[in-house]
Amino acid sequence: MISHRSANNLNNVACRELSKRGFMAVCFNTRFVNNDSIVDWEKIPLDVKVAVEYARKEPGITKVILLGHSGGSPLMSFYQAVAENGVGYCQGPNKIVPCGNDLAGMKPADGLLFAEAHPGDGAQALRGINPSISIVDGKTRVDPALDPFNPKNGFNPEGASHYPPEFRNRYYAAQSKVMNDQLAQVLAKQERMKKGDGVYPDDDIVLVPFSDQEGAARLDLMDPSIPEFMSTARPEKLLKNDGSIVMQVVKSMEPAHPGQAKLNRTFEAGTKILTIKSYLSANAVRSTNSADGIDHCSNNNSTICAVQSIKVPTLIAAMGAYHMLRDEEAMYDKSAATDKDYVVIEGAELNYTACKECETTPGQYSNSLRNLFDYIRDWTNKRF
């Protein structure tokens with residue numbers, strides 16, 4: 001079962017590759033397809049529920065596995081965590097938005113598969129914030145001491161940047177302050193609305209400038225050497241292009257993206273247009289710093305929180321040319337499953353294909369897609 005929070009997944013490559021390998025693969029969309037601005041996260045497991053129930057009714061189907069790719073990972077893990085543990089998982093005073101009792105009674109899947117998972121949309125949004133920019137009287141003001149695109153802080157407009165630990169630590173704390181401040185403002189606005197003091201009785205616009213994923217100001221996008229995101233903490237399984245597996249500390253091959261300096265300042269690529277509901281339910285998280293100080297369970301949109309309550313067999317496949325290696329390693333560490341696996345696919349980008357820019361010889365990582373789905377095939381057949 002393959003889906004995503006809001007991306008159109010009807011043509012997801014996983015459906016083609018898995019069906020070639022003998023599996024029934026169902027790609028489906030949620031009710032929020034192509035519209036992040038209206039996502040009501042606590043309703044979205046109901047769409048997975050319909051798809052799982054459909055699959056269970058098909059003749060001969062006895063096992064159902066959920067596959068989460070990128071933003072599909074918090075989706076599938078949220079469903080599974082609630083299905084295994086009940087609505088108590090997604091309720092409580094620590095939740096920015098608790099779920100409703102309409103999620104009760106969902107049937108769990110038999111396995112969970114992450115192919116390049118991210119920790120959660122709130123965490124992603126937090127790490128994309130440029131905390132050096134503020135808007136005052138309709139104009140931008142930049143704090144040069146926090147500017148990630150200031151060469152004095154380590155930025156290189158021509159290639160890979162190198163941010164010192166002292167700057168990174170200040171930056172991560174500043175990102176949290178920006179989100180915590182906006183979260184407090186949005187929650188206060190919601191309370192005023194409930195009292196009838198809002199412009200609208202139901203919802204309103206929330207503008208999140210200089211933080212959208214396309215124009216994100218993540219330091220690791222400019223500095224691929226940052227270990228807290230771009231490297232595993234210990235030796236892990238690396239699936240090489242020739243199909244062999246070695247154990248080593250894996251460092252991401254993702255190249256630097258100095259072009260973020262221009263994208264981040266634009267409205268089209270750098271700014272999110274959300275609503276109060278979509279901001280609170282899917283795009284905010286509490287934290288003290290954006291690296292290792294995130295309260296992942298403060299939002300139900302969190303893969304890292306959900307895996308702590310999921311016990312079915314779990315496979316976590318990381319792409320070796322992307323920036324989620326440490327996050328996915330953390331998912332593995334925190335997973336409650338006794339049967340769990342973590343592997344890195346050499347040279348693979350977000351969408352499983354080879355990183356051409358990473359190659360020193362043509363075709364060096366040409367087997368990344370095939371290797372990933374062959375590994376998924378073997379992992380699945382061994383268990384189910």
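The values are calculated or read from the model by the stated rules, or taken from the named source; none is laboratory data. Bear in mind the structure is a predicted one, so any value in this text is a computation, not a measurement. A quick note on method: Cβ atoms are made from the backbone with ideal geometry, for glycine too, and the neighbour counts reach across all protein chains shown. Quick note on the areas: whole protein, heavy atoms, side chains included, nothing else; ligands and nucleic acids left out. Shrake-Rupley method; radii C 1.70, N 1.55, O 1.52, S 1.80 Å.
Those strands (runs of 3 or more DSSP E) of the stretch 268-352 in which at least 2 residues are closer than 20 Å to Gln248 by Cβ, considering only elements entirely within it, cover 314-319, 340-345. Could you tell me whether the stretch 360-369 includes any residue that is touching a helix residue (DSSP H, G or I) at 6+ places or on another chain (Cβ under 6 Å), part of a loop (DSSP other than H, G, I, E, B) and at pLDDT 95 or above? No, the stretch 360-369 contains no residue that is touching a helix residue (DSSP H, G or I) at 6+ places or on another chain (Cβ under 6 Å), part of a loop (DSSP other than H, G, I, E, B) and at pLDDT 95 or above. Of all the criteria given as (1) open to solvent by less than 60 Å² (accessible area, probe 1.4 Å); (2) closer than 19 Å to Leu146 by Cβ; (3) touching a residue at least 40 places away in the same chain (Cβ under 8 Å), the one not satisfied by Phe167 is (3).
All told, Gln175 falls short of being of a type in the set (S, T, N, Q), under 26 Å from the mean Cα position of the chain (by Cα), loosely packed, with under 12 Cβ neighbours inside 10 Å and at pLDDT 95 or above. Of the residues screened, Ser211 is one that is touching a residue at least 60 places away in the same chain (Cβ under 8 Å) and in contact with a helix residue (DSSP H, G or I) (Cβ under 6 Å, 6 or more places away or on another chain). The one condition from (1) part of a strand (DSSP E or B); (2) surrounded by fewer than 16 Cβ atoms within 10 Å (Cβ to Cβ) that Val50 does not meet is (1).
Scanning the stretch 260-292 for residues that are open to solvent by 30 Å² or more (accessible area, probe 1.4 Å) and among the aromatic types (Phe, Trp, Tyr) gives a single hit, Phe267.
For the stretch 1-25, a residue qualifies if it is among the hydroxyl-bearing types (Ser, Thr, Tyr) and buried (at least 20 other Cβ atoms within 10 Å of the Cβ), and the qualifying residues are Ser3, Ser6.
Of all residues in the stretch 72-124 being of a type in the set (S, T, N, Q) and not in a loop (DSSP other than H, G, I, E, B), which is most open to solvent (accessible area, probe 1.4 Å)?
Asn101
To keep it simple, each residue is scored yes or no on (1) open to solvent by 70 Å² or more (accessible area, probe 1.4 Å); (2) at pLDDT 95 or above; (3) at positive phi; (4) acidic (Asp, Glu).
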site	(1), (2), (3), (4)
Leu207	yes, no, no, no
Glu214	yes, no, no, yes
Asp220	no, yes, no, yes
Ser231	no, yes, no, no
Leu238	no, yes, no, no
Pro258	no, yes, no, no
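Scanning the stretch 130-140 for residues that are open to solvent by 10 Å² or more (accessible area, probe 1.4 Å) and within 22 Å of the chain's Cα centre (by Cα) turns up just one, Pro131. Checked against the criteria, Ala160 does not count as of a type in the set (A, V, I, L, M, F, W, C), out of contact with any Cys (no Cβ under 6 Å at 6 or more places or on another chain), farther than 30 Å from Leu369 by Cβ and open to solvent by 30 Å² or more (accessible area, probe 1.4 Å).
When Gln182 is tested against the conditions (1) part of a loop (DSSP other than H, G, I, E, B); (2) out of contact with any helix residue (DSSP H, G or I) (no Cβ under 6 Å at 6 or more places or on another chain), the lone failure is (1).
The criterion of being open to solvent by 10 Å² or more (accessible area, probe 1.4 Å) and either touching a Lys or Arg at 6+ places or on another chain (Cβ under 8 Å) or at pLDDT 95 or above (or both) does not hold for Glu328.
In this structure, Phe28 qualifies as under 19 Å from the mean Cα position of the chain (by Cα), closer than 30 Å to Asn381 by Cβ, buried (at least 16 other Cβ atoms within 10 Å of the Cβ) and of a type in the set (Phe, Trp, Tyr). With respect to Met247, determine if the residue is surrounded by fewer than 19 Cβ atoms within 10 Å (Cβ to Cβ), in contact with a strand residue (DSSP E or B) (Cβ under 9 Å, 6 or more places away or on another chain) and aliphatic (A, V, I, L, M). Taking the combined requirement at face value, the residue satisfies it. Got at least one residue in the stretch 363-382 being without any contact (Cβ under 8 Å) to a residue 60 or more places away in the chain, surrounded by fewer than 22 Cβ atoms within 10 Å (Cβ to Cβ) and closer than 21 Å to Val249 by Cα? No, the stretch 363-382 contains no residue that is without any contact (Cβ under 8 Å) to a residue 60 or more places away in the chain, surrounded by fewer than 22 Cβ atoms within 10 Å (Cβ to Cβ) and closer than 21 Å to Val249 by Cα.
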